[in-house]
Amino acid sequence: MANNIVIVGAQWGDEGKGKIVDILTEEADIIVRFQGGNNAGHTVIVDGEKFVFHLLPSGILHRGKTCIIGDGVVVDPEVLVAEIEVLEKNGKFDPAGLLISQNAHLIMPYHKTLDAARERLRGEGKIGTTKRGIGPAYEDKVSRCGIRCGDLLNESVFRSKLKSNLLFKNHYIETMHHGDGFEVYEIYNRYMGYADKIARHIQDTSLFLDKAIKANKKILFEGAQGTLLDIDHGTFPYVTSSNTVAGQAATGSGVGPTRLDRVLGVIKAYTTRVGEGPFPTELDGSDGEMLRGKGEEFGATTGRARRCGWFDGVAMSYAVRVNGLDGLIITKLDVLDSVKEIKICTEYSLDGKTITDLPTELDILKKCKPIYETMDGWDKPTTGIRTFEELPENAKKFISRIEELSGVKAFLISVGAGREASIKVVEPFG
Ligand code: GDP
Ligand code: IMO
Ligand code: MG
């Protein structure tokens, strides 16, 4: 029995975590986001209606569940309030179902200005960030000057922290970036307006989770971004500013690691990446266009075209290692339905040698060339299929090969964007 399951992206993000968390929420009591911010875009499609969540956990559409924005998340209250209001308009928001950690740091307007200004200065060497202020907000957390959600509950504390931050930030923005600084009263008034809307949700969520665990509740920890975007374990510096790997589920929610029962990695049947940075199996030509077209690979947050490539078994094995994956959730299998020949990268070639352990040093990874195995496609639609047995033989072979390379089982297979287009192979909470 697994009561507490961590779901992480096993590639460079956008693996379909939102859809998976939404369907697993059916069996869960609590859903927790534990890192990242509104750089995430998690898509959930219910009865043809599309929702993209940036901060709210992807279980939010289910009634009677508790959704938590944990300690490790950076919260832009403007975005959060807008997300809540969209659900309110649709009659889909249950105020009792949302908790926000008092320890989660706030994204402030100057974080967004700095994110964009730094990207401009980097020029050709830009990271390709989402410009949502994620990096600068995490910087303030680590440098211990950040302002937290709990500070919204105390006007004078909020005001004084804002004042001392603006002293430095305005100086920096005006002198280094020749931009306009911010006024204390303007941000103060705006943020107190957000506080009116979200204050009732802010509390000690670690304590809430501790009680829930003692009461044997089922908890889903919803990762954002993906393993290769992890600040420590990703393709630095082309990464995001938080730990995206499974260990962060504990740190980012105030739950001890011994309480996490199972870790599942979400992985697409091919690979995508948004933003800059190395991507060994990237396809530049018509095959890349074909995957982008069939997979509708355009960013859920920024709308940017996602870079596309074949499945990378070396990157997957790395994700199994650094997350301690117990199993995989393979998504977008249907995107390969009509592809005649499907490639899987099983090894890299590096300076005439063959390697299977992913190097994360930029200069070395850039030199790695993928070595592919080619498999015959299945040339049949899979979106209507609901059991593993019914899948075409070549699709089964493709999945088996992924399992063989990763050393772990596929728990779920997703064959379409809708909730129903899912094949359960192993019971995730079982
Ligand atoms: P996330 O960030 O990991 O939640 O993923 P995104 O929502 O950014 O991107 C995944 C995209 O693929 C979304 O548009 C989903 O609706 C879609 N999607 C998820 N699973 C499947 C699937 O199995 N098949 C197809 N065709 N689309 C899927
Ligand atoms: P989900 O949760 C894909 C990428 C950005 C950029 C890098 C740093 O939807 O999978 P940041 O704004 O975080 O400082 O940008 O990380 N990135 C993502 N790519 N999916 C995401 O989230 C991402 N969040 C950030 O494109 O390359
Ligand atoms: Mg996404």
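Take region 321-334 and flag every residue that is among the hydrophobic types (A, V, I, L, M, F, W, C), part of a helix (DSSP H, G or I) and touching a strand residue (DSSP E or B) at 6+ places or on another chain (Cβ under 7 Å).
Of the residues in region 321-334, the ones among the hydrophobic types (A, V, I, L, M, F, W, C) are 322, 325, 328-330, 333.
Checking which are part of a helix (DSSP H, G or I) leaves us with 322, 333.
Leu333, the sole residue that qualifies.
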Could we say that Ile173 is within 27 Å of Gly252 (Cβ to Cβ) and of a type outside the set (Gly, Ala, Ser) here? no
Filtering region 285-320 down to residues that are assigned to a loop (DSSP other than H, G, I, E, B), of a type outside the set (D, E, K, R) and within 11 Å of Thr271 (Cα to Cα) yields Trp310
Residues of region 209-257 being touching a strand residue (DSSP E or B) at 6+ places or on another chain (Cβ under 7 Å), within 16 Å of ligand 3 (Cβ to nearest atom) and of a type in the set (A, V, I, L, M, F, W, C), in sequence order, are Ala224
In region 261-311, anything surrounded by fewer than 20 Cβ atoms within 10 Å (Cβ to Cβ) and among the acidic types (Asp, Glu) is listed as Asp261, Glu276, Glu282, Asp284, Asp287, Glu289, Glu296
Within region 214-230, restricting to residues that are of a type in the set (S, T, N, Q) and buried (at least 24 other Cβ atoms within 10 Å of the Cβ), the one that is farthest from Asn39 (Cα to Cα) is Thr227
Residue hits (region 292-331; more than 30 Å from Ala116 (Cα to Cα) and within 16 Å of ligand 3 (Cβ to nearest atom)) are Ile329, Thr331
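Can you name every one of the helices (runs of 4 or more DSSP H) wholly within region 154-224 that holds 2 or more residues which are within 30 Å of Lys17 (Cβ to Cβ) and modelled with pLDDT of 95 or more?
Counting at least 2 such residues, we get 184-198, 205-214.
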Scanning region 420-430 residue by residue, those over 14 Å from Gly384 (Cβ atoms) and in contact (Cβ under 8 Å) with a residue 24 or more places away in the chain turn out to be Val425, Val426, Pro428, Phe429, Gly430
Filtering strands (runs of 3 or more DSSP E) wholly in region 337-430 for at least 2 residues that are away from ligand 3 (no atom under 16 Å from the Cβ), surrounded by 17 or more Cβ atoms within 10 Å (Cβ to Cβ) and under 26 Å from the mean Cα position of the chain (by Cα) gives 341-350, 409-414, 422-424
Of Arg144, Arg148, the only residue that is on the phi > 0 side of the Ramachandran plot and without any contact (Cβ under 8 Å) to a residue 60 or more places away in the chain is Arg144
If you go through Leu80, Leu56, the only one that is buried (at least 21 other Cβ atoms within 10 Å of the Cβ), away from ligand 1 (no atom under 16 Å from the Cβ) and of a type in the set (A, V, I, L, M, F, W, C) is Leu80
Among the residues of region 113-140, the number that are within 16 Å of Ile231 (Cβ to Cβ), in a helix (DSSP H, G or I) and in contact with a Ser or Thr (Cβ under 7 Å, 6 or more places away or on another chain) is 4
The residue from Phe279, Phe298 that alone is of a type outside the set (Val, Ile, Thr) and without any contact (Cβ under 8 Å) to a residue 12 or more places away in the chain is Phe298
Per the filter on region 11-21, residues aliphatic (A, V, I, L, M) and within 11 Å of ligand 2 (Cβ to nearest atom) are Val21
When restricted to Leu24, Leu80, Leu55, Leu61, the only residue at pLDDT 95 or above and within 12 Å of ligand 2 (Cβ to nearest atom) is Leu55
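The values are calculated or read from the model by the stated rules, or taken from the named source; none is laboratory data. This is a predicted model, so every value here is computed, not measured. Cβ: placed from backbone, ideal geometry, glycine included. Neighbour counts: every protein chain shown.
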